[in-house]
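Here's the structure, in structure tokens; my notes come after.
Coordinate-derived values only; no laboratory data. A quick note: this is a predicted structure, and the numbers were derived from the prediction, not measured. Using ideal geometry, Cβ is built from the backbone for each residue, glycine included, and neighbour counts are taken over all protein chains shown.
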Amino acid sequence: TLRDNLWEPLGFGVNLQWIMLGTMVGIVMGTVGAQARSMMVMLTPRTKAAEFFGFFGFIGKAAAFIGPIIYSISANLYNSRVAVFTIMIVILAGTALLTRVDLEEGAATAAAIDREAWESSE
């Protein structure tokens, strides 16, 4: 197994492997959170910032609720490895979806919405 061939010769026990995994996930997900807020700023019309960021906050809270549920169901039905793999699939699916986002077009659309709002208010 991977544990026998890779981790044991390095002297990494299971607990240390989990700590390393948690550290790596924490670093990556912290960066993702900052990037998500930056993308929201780019893609949000200033005239609709409250609506967009309210929805963004709601989705974040929903994800914080649904993620542990997915993990616990997977862990209870199978084991913790399958549960981690399930969460990894969700993260990879989100990454794949984000590759389809055209930031330049989104920023241009947001700017156009702002222009329309300013022109109609005059």
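Rounded to the nearest 20 debye, the dipole magnitude of the chain is 480 debye, with +1 charges on Lys and Arg beta carbons, -1 on Asp and Glu beta carbons, and the Cα centre as origin. Per residue of the chain, the DSSP helices (runs of n ≥ 4 H) give a summed -39500 (n - 2.57) that works out to -28000 deg cm²/dmol at 222 nm. By other beta-carbon atoms within 10 Å, ranking LYS48, LYS61 with the fewest at the front produces LYS61, LYS48. For the chain, modelled as a GNM whose springs connect Cα atoms under 10 angstrom apart, the maximal fluctuation among GLY54, GLY13, GLY94 occurs at GLY13. Taking the Cα atoms only, what angle lies between the long axis of helix 103-121 and the longest principal axis of the chain, rounded to 10 degrees? For 103-121 against the chain, the angle is about 30 degrees.
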